[in-house]
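This report refers to the structure that appears directly beneath it.
Every number here is computed from the coordinates shown, using simple stated rules; none is lab data. Note that this is a predicted model, so its numbers are computed, not measured. Counting neighbours? That spans all protein chains shown, and the Cβs are built from the backbone with ideal geometry, glycine included.
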Amino acid sequence: MSATARVVVLMTPEEKAALEAKASRVGPISAAELVRRAVDAYDLADQSEAEELRALLDLFKRTRAETLRQLDRTDRKLDATLAGLAKPRRRR
């Protein structure tokens, strides 16, 4: 079926240029075809899954940062311990 209804979407010149650039990379297709495909692909359920994934990613980032801090502390303690063991001991 051919498209006959018109939808006007106002955007900045930069947004329009970005839309046209994306369309040319995908296809080449028109910007209107890219918008139609995006509308077809959009699903609210997918959006909630995406939000859940973003929350998990945030949790991963925080956990990773804390893990790296703990590894740094452990590395410093290990270096200090090894340095202490490397010192010659005095005999009594």
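Selection of helices (runs of 4 or more DSSP H) fully inside the chain by the criterion of at least 1 residues being touching a Ser or Thr at 6+ places or on another chain (Cβ under 8 Å) returns 13-26.
Selection over the range 6-24 of residues that are loosely packed, with under 10 Cβ neighbours inside 10 Å and either basic (Lys, Arg) or touching a strand residue (DSSP E or B) at 6+ places or on another chain (Cβ under 7 Å) (or both) gives a count of 1.
Tell me the residue from 86, 3, 41, 45 that is surrounded by fewer than 10 Cβ atoms within 10 Å (Cβ to Cβ) and touching a helix residue (DSSP H, G or I) at 6+ places or on another chain (Cβ under 8 Å), please.
Residue meeting the stated conditions: 3.
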